[in-house]
């Protein structure tokens, strides 16, 4: 198998969507790449069979929920053996949760998302805030040293 060279966005009757696989959904950069490429809905497909009945499925859903809110797009969290759920662009659950290891179907209406400020600028805001904080600390330290 040869990895691709970037995100793939699919065209469907309801709009454009992107998909990341399982644990990749834990990293904002992968989902963000799909959204920047035109996806207005994300699908996170996962198989959580190795986690059994641990809280791992709930934890991954919580991470997925964060992706929806930070990027401003609805997310389909589809798990083969874990829990599945539909999440709107604000991070709100809009369907019931499936059980662990069950065969169930969930459905709900979701609206295509709109890019958030974070989706557009990414981690740059965090870098600027961190650099500004360090500059303020350095400046305060210099002021304290010069007073001695």
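The values are calculated or read from the model by the stated rules, or taken from the named source; none is laboratory data. Everything numeric here is computed off the predicted structure, so don't read it as measured data. Cβ: placed from backbone, ideal geometry, glycine included. Neighbour counts: every protein chain shown.
Within segment 36-50, at least one residue is in a helix (DSSP H, G or I), out of contact with any strand residue (DSSP E or B) (no Cβ under 7 Å at 6 or more places or on another chain), within 22 Å of residue 125 (Cβ to Cβ) and modelled with pLDDT of 90 or more.
For segment 74-94, the tally of residues that are within 18 Å of the chain's Cα centre (by Cα) and part of a loop (DSSP other than H, G, I, E, B) stands at 10. Quick one: residue 142 ticks every box in (1) part of a helix (DSSP H, G or I); (2) modelled with pLDDT of 90 or more; (3) out of contact with any helix residue (DSSP H, G or I) (no Cβ under 9 Å at 6 or more places or on another chain) except a single one, so which number is it? Single failed check for residue 142: (2). Every residue in segment 1-20 that is in contact with a helix residue (DSSP H, G or I) (Cβ under 9 Å, 6 or more places away or on another chain), surrounded by fewer than 16 Cβ atoms within 10 Å (Cβ to Cβ) and modelled with pLDDT of 85 or more, please. Result: 8, single match. One residue alone among 120, 63 is in contact with a helix residue (DSSP H, G or I) (Cβ under 7 Å, 6 or more places away or on another chain) and modelled with pLDDT of 85 or more, and that residue is 63.
Looking at 111, 24, just one residue is free of Cβ contacts under 8 Å to residues at least 40 places away in the same chain, surrounded by fewer than 21 Cβ atoms within 10 Å (Cβ to Cβ) and in a helix (DSSP H, G or I), and that residue is 24. Scanning segment 51-73 for residues that are over 26 Å from residue 120 (Cβ atoms) and outside any helix (DSSP H, G or I) turns up 52, 53, 54, 55. Residue 103 passes every criterion in (1) surrounded by 15 or more Cβ atoms within 10 Å (Cβ to Cβ); (2) in a loop (DSSP other than H, G, I, E, B) apart from (1).
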